[in-house]
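Values in this text are rule-based calculations from the coordinates and carry no lab data. Keep in mind that this is a model prediction, so the values were computed, not measured. All Cβ positions, even for glycine, are placed from backbone atoms using ideal geometry, and neighbour counts span all protein chains on display.
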Amino acid sequence: MKKNILKQILKYLGPAFIISVAYVDPGNFATNIAGGSMFNYNLLWVVLASNIMAIFLQINSAKLGIATNKNLSEECRLVFSKKTNVFLWIVMVITSIATTMAEFLGGALGLYLLLGIPLPIAGLLTFIITFIIINFKKYGQRIIERIITILVAVICIAYGIEIFLAKPDYIQIGIHTLLPSIKNTNALLIAVGMLGATVMPHVIFLHSDLVKVRNNKLKTFQEKKYHLKMEKIDVIIAMNIAFIVNAAMVIVSAATFYKQGMVVDTIEIAHKSLEPLLGKLSSCSFAIALLASGFSSTAVGAMAGESVMDGFINIKLSNNLKQLITLVPSMIIIILKINPMKALLLSQVSLSFALPMAIIPLLVITSNKKVMGRFVNSKIVKMLGIIISVIIIILNIALIVLNTV
């Protein structure tokens with residue numbers, strides 16, 4: 001019996017693991033390293049809160065795809081006015097570019113740090129490798145799921161080594177994971193960036209698309225209900241792995257850089273500083289994790305870009321063109337020699353401002369009984385959705401006010 005249950009779970013595992021990559025992308029490296037080096041373990045609670053929000057939102061996205069067999073952007077086109085869809089399309093295209101920028105830069109930086117390849121050449125190699133990964137889709141989505149899962153495993157192993165070498169203060173970790181605190185405006189900026197890096201708008205759209213592979217042949221409510229149950233397990237496993245990795249990033253940064261009184265504002269400095277502090281194994285593990293994160297998340301970002309560019313206004317662009325739209329700005333950043341860490345941080349803050357444009361349509365549609373039928377959100381789910389939306393919007397308003405005073 002246990003073997004059958006495990007077999008069923010394994011059959012449905014996959015979509016959330018693709019999604020989870022966006023939650024451990026290079027933008028997370030940037031914000032988590034900055035947060036740990038500047039504020040010690042104090043912002044660990046942000047990682048936990050963001051993960052809880054992410055689980056809630058990704059389950060809702062998956063539920064929409066299972067209930068309707070359409071993705072979120074396609075449902076937006078059917079539910080909202082043309083003007084609203086044009087606005088959402090513009091916002092999400094910009095968001096896809098900002099997201100892919102963070103992910104692409106991470107892959108290029110990983111190659112640069114690990115192998116010493118000049119950044120422009122590293123960027124070109126990242127571009128090529130991303131296209132190779134995406135093109136495996138022609139062999140089926142499950143091939144992509146396996147590739148991404150392997151890369152996630154590499155990130156986990158690399159940060160497992162980092163934690164072991166860093167020897168952090170586990171009591172402080174427990175305290176600051178459970179007790180919220182924001183010291184000042186800079187802490188708020190980093191906290192909102194961490195939120196933007198963890199709860200990702202583009203994969204809220206993508207998840208509803210990925211579940212369709214296992215949903216196409218399901219007809220009855222009971223079949224779809226079982227699919228949703230399995231997808232919830234998928235989400236909980238994948239998102240909690242992402243939470244552990246994100247927490248590990250903050251913990252290692254706090255245990256090494258903050259302890260030494262170092263404020264780390266570039267990924268390159270983080271990499272160089274780890275070797276004298278923790279040894280060559282640590283700096284190599286860091287670069288390998290960044291490389292795996294960059295390659296996998298760039299591929300996922302490009303997949304999300306394909307999804308959102310088609311759905312809202314039914315414009316049919318070739319996949320290659322859509323990938324170029326999302327990837328070219330990243331190459332420009334590298335060519336212009338803009339500080340990658342600053343670009344990563346700003347991209348993550350911009351993503352937190354785009355979050356309401358993904359969350360609000362998702363909650364409106366999943367609360368619409370005409371669209372969702374028996375899968376419509378309950379009153380409790382609606383209330384939780386409103387609370388999450390309000391928290392994100394208030395954080396963003398506070399960030400604007402505090403930075404203009």
Exercise for the section: With Cα Rg over 2.2 N^0.38 Å in mind, check (1) 1.48; (2) 0.93; (3) 0.98 and report the label derived from this structure. Expected result: (2)
Completion exercise
Note, the stretch 112-123: 3J(HN,Hα) by Karplus (6.51, -1.76, 1.60, θ = phi - 60°), whole Hz, Gly/Pro = x, goes 4, 6, 7, 10, x, 6, x, 4, x, 5, 4, x
Problem - Computed magnitude of the charge dipole of the stretch 4-143 (debye, nearest 20; Cβ of K, R +1, Cβ of D, E -1) - result: 580 debye
Handout entry: In order through the stretch 170-178: 3J(HN,Hα) via Karplus (6.51 cos²θ - 1.76 cosθ + 1.60), integer Hz, x for Gly, Pro
Key = 5, 5, 5, 4, x, 4, 7, 6, 9
Exercise for the section: Measure nothing fancy, just the Cα-based angle from helix 340-366's long axis to the longest principal axis of the chain, in degrees from 0 to 90, nearest 10. Expected result: 20 degrees
Fill in the blank from the handout: Over the stretch 1-133, the quotient of the Cα radius of gyration and 2.2 N^0.38 Å is 1.35
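What is the Rg over Rh value, at two decimals, for the stretch 24-85, using alpha-carbon atoms and the Kirkwood definition of Rh?
Working: Rg = 17.2 Å, Rh = 14.4 Å.
That ratio is 1.19, to two decimals.
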Handout entry: Zone residues, the stretch 35-57, relative to Ile236, backbone N less than 20 Å from point 7 Å out along Cα-to-Cβ
Key = 48-57
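Run the dipole for the chain about the Cα centre, Lys and Arg Cβ at +1, Asp and Glu Cβ at -1, nothing else charged, and hand back the magnitude in debye, nearest 20. Could the numbers behind the result be given before it?
Values: 35 positive and 16 negative charges, 353 e Å.
Dipole size: approximately 1700 debye.
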Handout entry: Zone residues, the stretch 102-117, relative to Phe136, backbone N less than 11 Å from point 7 Å out along Cα-to-Cβ
Key = none
Practice task
Take Ser367, Ser296, Ser37 and order them by how many other Cβ atoms sit within 10 Å, fewest up front.
Solution key: Ser367, Ser37, Ser296
Fill in the blank from the handout: Computed over the stretch 227-269, the Cα gyration tensor eigenvalues, each multiplied by 5 and square-rooted, give semi-axes in Å (largest first) of 34, 10, 5
Problem - Sequence ranges 325-334, 254-263, 132-141, ranked by mean other-Cβ count within 10 angstrom, highest first - result: 325-334, 254-263, 132-141
Fill in the blank from the handout: For Lys70, the aspartates and glutamates lying under 13 Å Cα to Cα, once residues fewer than eight places off in the same chain are dropped, come out as Asp209, Asp310
Problem - Using θ = phi - 60° and Karplus 6.51 cos²θ - 1.76 cosθ + 1.60, couplings along the stretch 230-245 (whole Hz; Gly, Pro as x) - result: 5, 5, 4, 4, 4, 5, 4, 5, 5, 5, 6, 5, 4, 4, 4, 5
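Which of Glu275, Glu74 comes first, and how do the rest follow, when ranked by fewest Cβ neighbours within 10 Å?
Values: Glu275 14, Glu74 21.
Going from least to most buried by this count: Glu275, Glu74.
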Practice task
Note the angle between two axes, namely the Cα long axis of helix 141-166 and the longest principal axis of the Cα atoms of the chain, as a number of degrees from 0 to 90, rounded to the nearest 10.
Solution key: 30 degrees
